[in-house]
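Written out below as structure tokens is the structure these notes cover.
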Amino acid sequence: MKNEELKIIYSAYFPYDLKIGFEGEDLEHSLVGLDSTIEGVMLISPYGDFGRADIQKCKPILWDLSYLTKEIEHEGRRFIPMRMLKNGGTDLNEYRFLEWKGYSAIDNEQHETCYCPKTMSFYQFYMGDSRMCTGQYEKMQMLLEWHFNIFNLPESEYINKATITNK
């Protein structure tokens with residue numbers, strides 16, 4: 001990816017304490033800004049020092065979209081993201097999950113809520129009828145906050161948070 005594309009993607013995560021890593025390094029750094037003079041990023045390392053890095057050498061640490069229907073941990077809390085993103089339904093314990101044209105969930109009212117990675121939108125299906133889900137902006141903000149790969153970066157361009165969590 002070009003530096004400008006990476007800057008746009010990284011900037012969307014600024015308010016949400018995105019962590020950055022480097023190939024072959026176990027440390028996570030906090031992304032604090034973009035440096036236009038060296039085509040890089042500004043980081044705070046785990047040791048508290050401030051540094052700069054080439055934007056092409058660092059990778060964001062993100063959840064793969066397949067984790068929308070799996071339990072994740074964010075800020076010490078464990079949950080299944082799709083349960084927080086659904087439209088409709090009353091009892092979270094009654095939801096059943098399945099994959100369908102991306103990542104989706106069916107609730108007890110048979111509304112199917114789906115996230116489409118290609119359009120980066122949520123849709124709701126009910127008895128053959130389709131409509132755009134409400135709260136699209138809020139849903140996308142939640143995915144950014146939880147550090148999901150909503151921009152569909154190729155696997156070579158990010159570090160899968162699940163592989164770090166499972167170490």
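The values are calculated or read from the model by the stated rules, or taken from the named source; none is laboratory data. Keep in mind that what you see is a predicted model, and the values were worked out from it rather than measured. Ideal geometry is used to build each Cβ from the backbone, glycine not excepted, and the neighbour counts take in all protein chains shown.
Below is a table of values for the structure above.
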| quantity | calculated |
| --- | --- |
| Test: residue in region 76-90 that is at pLDDT 80 or above and part of a loop (DSSP other than H, G, I, E, B) | yes |
| Checklist (1) at pLDDT 75 or above; (2) surrounded by 15 or more Cβ atoms within 10 Å (Cβ to Cβ); (3) of a type in the set (A, V, I, L, M, F, W, C) applied to LEU43, failing item | (1) |
